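Heads up: the structure comes next, in C-alpha cells.
The values are calculated or read from the model by the stated rules, or taken from the named source; none is laboratory data. Because the structure is predicted, anything quoted here is derived from the model rather than measured. FYI the Cβ positions are ideal-geometry reconstructions off the backbone, even for glycines, and counts take in every protein chain you see.
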Amino acid sequence: MKVLGVIVEYNPFHNGHLYHLTLAKELVKPDYVVAIMSGSFCQRGEPAIISKFSRAEMALLNGIDLVFELPFVYAIQDAGGFAKGAVWSLHHTGVVTDIVFGSESADLAFLQKIARIMAEQPEPFPAMMKEELKKGHSFPNARKYALMRYFEVTGEMNPKEVLKIEKSNDILGVEYLKSLIELNSPIRPHVVKRVGAEDKDERFRGKFSSATAIRKCILKGDWEKVAKAVPTSSLQIISRELNEGRGPVSLQDLELLILSKLRLVDRFQLQRLHGFNEGIDKRFVECATKVSNLEEFFSCVKSKRFTLSKIRRLSLYSFFELDSQLIEKSNTLGPQYLRVLGFNSKGRELLSKMKRVSTVPIISLCSLYKKVLEQSLKKPERFKIDAKLFERQLMYDIKSTSIHSLMFPRHSERIGDMDFKFPPIAIS
C-alpha cells in the first residue's frame, strides 16, 4: 500500500496546489492521499481567509482523501517548527509511505545534503552559525552565510550553491527533510518543481498566481481574477462562505485586539512567551504605544534581525499567550494526537486502517476527546503521550478557531467552540 502525504495550508486551494497534487500523484501513484493542513491560523502569522472546515472541503473536492489539522502550536511557528509538527504528524499516522513537496530548485540531493548538515550539526558549522547570528542577521540569513562558510572550509560543495535555498519552498523543504532525518522516518521524500508566482508575490499573475495575491483579490472583491486562479470547486466554496458571512478574514480584523493586548503588558510578561528574546520585547512594548494600526506597528518593530513574518507570528504569540515551555515541550515530544477535519470514502477506509497502527490517538469527534485521551493512556505500550500536553495543544486548536470565527463579518456566525459543533467534513 502506498500512501502519499502532503503538508499544506490551502489558504485558499488554488491552481498551483492542484498542479502540485496532480504531479505528486503521478510521481508516487498512491492508493490514498493524506494532507496535514494548518487550521485557523497560518505559518506567516495571519488568520486563514476562510474557516479550516471549508478549506478541508476544498482539499477533499480536489483530490485529497483524508485531512488532518496541524495543531495550532506548530501552524504558527517558523519554518522549522511548522515542518517538525507536520512531518511528525505524517510519521504518526503509521501508514504514510511518501511525501512530496514543492521546490524552486527541484534538487532533492542538494536539499538533503543541506538538511543533513542542519540535523547533524558537524563542526565547525555550529560555531559559524553563532557568529553569524551575533552579527545581527535574521536566522535564515545567518544560516545561509554559515553554510557558505562551512562549504568554503570543507570543500564539499561550491559555496554559491547555498544561494539556491533562498526561496520559501526550498527553505521549508530543507526543514521537512531535516525532520525526517531526526525522526529516522521511513517516509520517502520527493520533490516537484514549483511553477508560477512566488509565495509572497502580491501581484496577480493569472492562472498560477500566489495565495497571497489571490487573498488580496478576494479582499478587494475582484472575482474575475479569483476565478482565473482557483478551481471551480474552490471558487464555489469561497463564494458560499463569503455570501453567508463567514469571511473574508484577515489579520487587520485582529488589529485593535493585538494592539490593546500589547499596551497592557510589559517587557517581563512578554519575555515569558515564545520567541521574545534579543530585545524584541522592548521594541514591541515601545512601538505599541507609538502607532495607531498594525502596519505602522510592523514597520516600527521591523529590522535587519526581525523579519516581517517573524513579527506577525510574535504578535499572535503575544495575543494567545504562547509560553516558551509549551512550544519547547511540543517541539520535543511532538503532536499528541491526529485531529480529523475531513475525509471522502477512501479516506474513511484509510482511517479504519490507521486506527490500528497510528502512534498517537486519532480524534474524529472533538466532543469525545476526553474519552479518546482516557483510552489512550491505558495503552502506554502503543501511545506515548503526555496528557497535559495533549490537552494544551488541543485547547489552542479549539480557542484559536473560536477567535477566528469572531472575525466573521456576520454577527450570527461568530459562535465559539465550533470544533464541538461541527463533525468532520464527509464527502461521498
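Beta carbons closer than 8 Å, at least 6 apart along the sequence or on distinct chains, pair a first residue in region 405-428 that is without any contact (Cβ under 8 Å) to a residue 24 or more places away in the chain with a second that is β-branched (Val, Ile, Thr) for ASP417/ILE398; LYS421/ILE415.
Cβ separations smaller than 7 Å between residues 6+ apart or across chains give the following pairs from region 359-370 residues that are surrounded by fewer than 15 Cβ atoms within 10 Å (Cβ to Cβ) to residues that are part of a helix (DSSP H, G or I): SER367/PHE420. Which of the residues belonging to region 121-151 are without any contact (Cβ under 8 Å) to a residue 12 or more places away in the chain, outside any loop (DSSP other than H, G, I, E, B) and over 21 Å from SER309 (Cβ atoms)? Within region 121-151, PRO126, ALA127, LYS130, LYS134, PHE151 meet the criteria. Within region 301-332, restricting attention to residues that are in a helix (DSSP H, G or I) and charged (D, E, K, R), the residue that is surrounded by the most Cβ atoms within 10 Å (Cβ to Cβ) is ARG313. For region 36-80, filtered to residues that are of a type in the set (S, T, N, Q) and under 17 Å from SER239 (Cβ atoms), the residue that is surrounded by the fewest Cβ atoms within 10 Å (Cβ to Cβ) is ASN62. The listed residues are LYS355, LYS346, and the only one of them that is surrounded by fewer than 18 Cβ atoms within 10 Å (Cβ to Cβ), at pLDDT below 95 and in a helix (DSSP H, G or I) turns out to be LYS355. Inclusion of SER400 among residues that are surrounded by fewer than 19 Cβ atoms within 10 Å (Cβ to Cβ) and assigned to a helix (DSSP H, G or I) is not warranted. Scanning region 163-204 for residues that are among the small types (Gly, Ala, Ser) and either under 20 Å from PRO140 (Cβ atoms) or crowded, with 21+ Cβ neighbours inside 10 Å (or both) turns up SER168, GLY173, SER179, ALA197.
Of all the residues in region 184-243, those that are among the hydroxyl-bearing types (Ser, Thr, Tyr) and in contact (Cβ under 8 Å) with a residue 60 or more places away in the chain number 5.
Looking at (1) under 23 Å from the mean Cα position of the chain (by Cα); (2) crowded, with 21+ Cβ neighbours inside 10 Å, which one does ALA146 not meet, given that it meets all the others? Condition (1) is where ALA146 drops out.
So that you can scan it fast, the table gives a plain yes or no per residue for (1) within 21 Å of the chain's Cα centre (by Cα); (2) over 12 Å from VAL174 (Cβ atoms):
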residue: LEU70; (1), (2): yes, yes
residue: VAL100; (1), (2): yes, yes
residue: ALA109; (1), (2): no, yes
residue: ILE117; (1), (2): no, no
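Among the helices (runs of 4 or more DSSP H) confined to region 228-300, the ones with at least 2 residues that are among the β-branched types (Val, Ile, Thr), over 30 Å from ARG203 (Cβ atoms) and out of contact with any strand residue (DSSP E or B) (no Cβ under 9 Å at 6 or more places or on another chain) are located at 280-288.
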